[in-house]
Each structure stands twice: as structure tokens, then as C-alpha cells.
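Right, one structure below, let's go through it.
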Amino acid sequence: MRPIKKWALRLGVTVVFIAGLLAGIVLKPSLLYAHSSEVGNFTILHQHKLDPQFVARLINADTLLKSSEIYDSSLKLSVCLNDGSYYPQLVQDIGGRVFGRGFADILVLGGTLHAAQNYVELNGYRWNLTELLAHEAVHCLEFNRYGLLNSNVIGHRHEDWKWEGYPEYVARKRRADLAKNIAHLVATERTDNNNWIFFDDSTGTVIPYYKAWLLVQYSLDIRKLSFDQLLKDTASEQSVTVKMQDWYNKQM
């Protein structure tokens, strides 16, 4: 039994060591980048020369962030570009391949960046770059506001439609006509949509995120809840959807 216990102990220590090392690298992305550039509250980490058009998109995203009720001007964020560093691949290996990911004080782009055209491309789909940066940064604001144990970083403390819908709500401020947005969803769901919905700039989002956005937009703009109040609200997703549909029918 003793050799087995020793082997199990060594294995456990090794696993803990590797996990700790991995966590340290994930939370310190600058270790895997050649360059960093400071822009306002952001540190942009990049492997190659920084595109000034990306900086312009980031500044526009920051303007959107400032409209959020949970905005914190003291929060500093690291923005990790997918331009040759292994870091985005590491994050992808851990959490899956996505357009972007925001956690703690780190924002990671996972798709192919097209700063001049203002989109990130992944698997043939495009996500508006400015809105993606704002969306992922709001996740960082959520973490900053509610902490590790009261956020969706670990587990699902809050319903996904609230946690994902609010970043969409902040990011897509310029698309603020709720009735028009609902009509667009209704029309899209009548088509062979492959679970995607598109905007007039050829970018889009997945329909579950779009629906979450509309529910949050309805809750904040029509029901006049704050985001803090929405997180505590006990109304179910289904009941909010029904009430939003009733509101929409009255607009027609």
C-alpha cells in the first residue's frame, strides 16, 4: 500500500503544481507576448506591430462601456490579440474556441482580426469588433462588480440570459430600437438561420445571445430595472419573454 500512496501523493502534487502554473500563466498573459501598448485603461498585448485602427475600435468600445451602470473607471484591463502569441490558443484549449472571452481583468480575442473592416471572423461568421470588445469587457466589469463567487466565472450563479444579455445590451447601444429588434428576430426565425442572426453590416450573433439581449433591453428600458435589480429579480425567463411579446404586440 505504501508505494501506491507515495505514487498517488506525487501525482497529486504534480497535478496541483501544473494547475497552479497554468493558472499563473492564464492570469499573466504578458508572459506570452512580445509587446504591450497602453491606451487609456487598457494594456494591449500583441505579438506584432499594433494596427492603429484596432486602437480606434477599442476607444469606441470604451465609450460604450462608460454607458454601463457597473462601469468602473479604476479598472485596468489587458486586451490580448490573436496575432501569433500562444496565449489565445491556451485560453481556447481550456475554455473552447470562441470569438472572444472576458474574465477577471483580461479580454482575449479568439478569431481572426479585421480591424479596418471592424469585425472578427471565426468559422465563416463575423462579429462586430467594437461590439465584441465591449461585450467581453462588460464580463470583466461583471466580475469586478460581483466577485468570483457571485459571478458566472465559476459555475452559473446567474441565469445566462441575464449574464450574457447585459454585455450585449451595453455593446449594441446603437441598435436600441426594441420593437425593430424583436421584428428582426421574428423574421429571422422564419428562415433557415443556422442559429445566427445578422445585422446590416454583415456581422451577427447567435440567436440565444440575441434573445438574451432583447430580454435585458426590455427589462432595463421598459420595466425600468437596474442590472443589479435584474439579477435579483425572480421572474422567469419564460414569463419575461411572454410580457415582452405582449408589449411588442401592442406596438404593432
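The values are calculated or read from the model by the stated rules, or taken from the named source; none is laboratory data. Here the structure is a predicted model, which means the values were calculated and not measured. With ideal geometry, Cβ positions are generated from the backbone for all residues, glycine too; neighbour counts draw on all protein chains shown.
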Report, by residue number, each residue of region 136-182 that is of a type in the set (A, V, I, L, M, F, W, C), modelled with pLDDT under 95 and within 16 Å of Leu220 (Cβ to Cβ). Ala176
Of (1) surrounded by 12 or more Cβ atoms within 10 Å (Cβ to Cβ); (2) in the same structural domain as Ile44 (by TED's automatic domain parsing), Leu148 satisfies all except one. Which? (1)
Given (1) in contact with a Phe, Trp or Tyr (Cβ under 9 Å, 6 or more places away or on another chain); (2) of a type in the set (A, V, I, L, M, F, W, C); (3) modelled with pLDDT under 95, index of the condition Leu81 fails: (3)
Is it fair to say Gly100 is within 15 Å of the chain's Cα centre (by Cα) and surrounded by fewer than 19 Cβ atoms within 10 Å (Cβ to Cβ)? no
What pairs come up if the first residue lies in region 95-122 and is under 21 Å from Gln53 (Cα atoms), the second is part of a loop (DSSP other than H, G, I, E, B) and hydrophobic (A, V, I, L, M, F, W, C), and their beta carbons are under 7 Å apart, counting only those six or more places apart or on different chains? Leu109/Leu81; Gly110/Val98; Gly110/Phe99; Gly111/Phe99; Leu113/Leu81; Val120/Phe99; Leu122/Phe99
Please pick out the residue among Asp105, Asp83, Asp93, Asp72 that is among the acidic types (Asp, Glu) and under 14 Å from the mean Cα position of the chain (by Cα). Asp105
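Does Trp127 count as part of a helix (DSSP H, G or I), out of contact with any Pro (no Cβ under 6 Å at 6 or more places or on another chain), touching a residue at least 12 places away in the same chain (Cβ under 8 Å) and under 17 Å from Tyr210 (Cα atoms)?
Working: part of a helix (DSSP H, G or I): no; out of contact with any Pro (no Cβ under 6 Å at 6 or more places or on another chain): yes; touching a residue at least 12 places away in the same chain (Cβ under 8 Å): yes; under 17 Å from Tyr210 (Cα atoms): yes.
It is false that Trp127 is part of a helix (DSSP H, G or I), out of contact with any Pro (no Cβ under 6 Å at 6 or more places or on another chain), touching a residue at least 12 places away in the same chain (Cβ under 8 Å) and under 17 Å from Tyr210 (Cα atoms).
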Scan of region 66-82 for residues that are surrounded by 20 or more Cβ atoms within 10 Å (Cβ to Cβ) and over 17 Å from Val26 (Cβ atoms), ordered by number: Ser68
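Do the conditions hold for Ser202, that is, is it of a type outside the set (A, V, I, L, M) and not assigned by TED's automatic domain parsing to the domain that holds Leu132? Working first, answer last.
Details: of a type outside the set (A, V, I, L, M): yes; not assigned by TED's automatic domain parsing to the domain that holds Leu132: yes.
Criteria met by Ser202.
Given region 162-252, what helices (runs of 4 or more DSSP H) lie entirely inside it while holding 2 or more residues that are exposed (fewer than 14 other Cβ atoms within 10 Å of the Cβ) and more than 17 Å from the chain's Cα centre (by Cα)? Can you show your working first?
Values: elements: 178-189, 207-217, 227-232, 237-251.
Result: 178-189, 227-232, 237-251.
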